[in-house]
Amino acid sequence: MKEKWSEICLELSSEQLRTVVDTQQLFEAWTEAFERARNFSGGMHWKTAAGKQYLFRTRDRRGYGKSLGPRSAETEQTLDRFKRNKTEAKGREAALRGRLAEQARYCKAARVARVPRLSAALGRELWRSGLEDAVLIVGTHALYAYEAACGVQILSAARLETQDIDLLLDSRRSIELIMSEVRREGLIGILRKIDKSFTVMEKQNFRAVNDRGFMVDLIRPMPKPPWKKQPDMVGKKADLKAADIQHLDWYLSAPKLRQIVIGEDGFPAPFTVPDPRVFALHKLWLSKQPGRDPLKKPKDREQAFLVAELVTRYLPQSKFSKPELRMLPREVVQLADELIDRAKADGKSKLPSGFEPPDRH
């Protein structure tokens, strides 16, 4: 017997939605303040060389920086302005961080705190490290972003519970552009900021695992041609090395979704995930592949229909139309017929106005 939609997803109340929106807006304000405060990292001081004083701007804890010129009325004003702006920026960031801590209590009280604490912390660290656009969160954890975008909560724990998170490396982006500190520490360094017990597995070096058995997998699209040199690591030799998987380029060819989600502790985090339509079609396509693990096929199919239903009900601006899905192979786009037919078969499901099925011919 097919489940009713109310047994699958719970729509947030107006009060819950207000709490979520307030939290998301507060988080965006804090991230802006954090970035401004980070611009003042290091310091500015007088340095004596050859009997003269020079204004020196340091950029990191190692003392690297540059001279801004000899001491003068102009450089003295530069130093005063720097100190004033730094104090103001740090004060604003600290105040907004305190507001986030207060808001976290409201999120828990309103029962909108959803994402596992470790996963939410990882989302924030990817953003903080400048990897938000270079590393996507894919697999089951992407469902947290989709439900947040739709203002619902997926009720079945079995649909969301997982002991791993998949990270998709966008090999098209230059890893050299990433901050030097991140290049030095790598993805494993980011994970150890969250949980010091994370280690890279020796025989499966695309995977890190902590002492509770939670796994983080780094994957990337199979290069085309397969021998083409593309980045497969964020850091250096001791870091995770991405496993090559076919057809993940579909995720990277479509628009990405950046969604603020809320962790179990009430603190928000940014999740960058694939377009939900491409996610649904990819999962349905996977469920039909002869070589796919038969134990995974039912979950693939269930997630495909669930995400497609979320799109049709709550994201009318996203259409399963051929023009909008032109980045996918024709045979994959045509699988949308099955998703649409499933939605139409549910008498309680109403397709939004303007919903366009792909060309059947």
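The values are calculated or read from the model by the stated rules, or taken from the named source; none is laboratory data. None of the values given here were measured: they were computed from a predicted structure. As a convention, Cβ positions derive from the backbone with ideal geometry for all residues, glycine included, and neighbour counts pool all protein chains shown.
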Strands (runs of 3 or more DSSP E) contained entirely in the range 90-190, each with at least 1 residues that are of a type in the set (Val, Ile, Thr) and over 30 Å from PRO226 (Cβ atoms): 152-154
Among (1) in contact with a Pro (Cβ under 7 Å, 6 or more places away or on another chain); (2) on the phi > 0 side of the Ramachandran plot, the one test that GLY139 misses: (1)
Any chance GLY186 is in contact (Cβ under 8 Å) with a residue 60 or more places away in the chain and closer than 23 Å to PRO116 by Cβ: no
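Taking ALA148 as the residue in question, decide whether it is surrounded by 19 or more Cβ atoms within 10 Å (Cβ to Cβ), closer than 26 Å to ASN205 by Cβ and either of a type in the set (Lys, Arg) or in the same structural domain as GLY189 (by TED's automatic domain parsing) (or both).
Values: surrounded by 19 or more Cβ atoms within 10 Å (Cβ to Cβ): yes; closer than 26 Å to ASN205 by Cβ: no; either of a type in the set (Lys, Arg) or in the same structural domain as GLY189 (by TED's automatic domain parsing) (or both): yes.
So ALA148 fails the test.
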Neighbours by Cβ (under 9 Å, 6+ apart or cross-chain): first from the range 102-124, over 9 Å from GLU264 (Cβ atoms); second small (Gly, Ala, Ser) and surrounded by fewer than 21 Cβ atoms within 10 Å (Cβ to Cβ): ALA110/SER13
Top-ranked residue of the range 188-208 - restricted to ones that are in contact with a helix residue (DSSP H, G or I) (Cβ under 9 Å, 6 or more places away or on another chain) and of a type in the set (A, V, I, L, M), ranked as nearest to ARG220 (Cα to Cα): ALA208
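So which of LEU17, LEU26 ends up being surrounded by fewer than 16 Cβ atoms within 10 Å (Cβ to Cβ) and within 20 Å of LEU100 (Cβ to Cβ)? If you could, list the steps in order and put the result at the bottom.
Details: LEU26 fails: surrounded by fewer than 16 Cβ atoms within 10 Å (Cβ to Cβ).
That would be LEU17, the only listed residue that is surrounded by fewer than 16 Cβ atoms within 10 Å (Cβ to Cβ) and within 20 Å of LEU100 (Cβ to Cβ).
Considering only residues that are assigned to a helix (DSSP H, G or I) and of a type in the set (Ser, Thr, Tyr), look in the range 3-41 and name the one that is nearest to LEU155 (Cα to Cα). If you could, list the steps in order and put the result at the bottom.
Applying the first criterion (assigned to a helix (DSSP H, G or I)) to the range 3-41 yields 5-8, 14-38.
Add one more test, that the residue is of a type in the set (Ser, Thr, Tyr), and what stays is 6, 14, 19, 23, 31.
Values: SER6: 9, SER14: 18, THR19: 19, THR23: 22, THR31: 30 Å.
It comes out as SER6.
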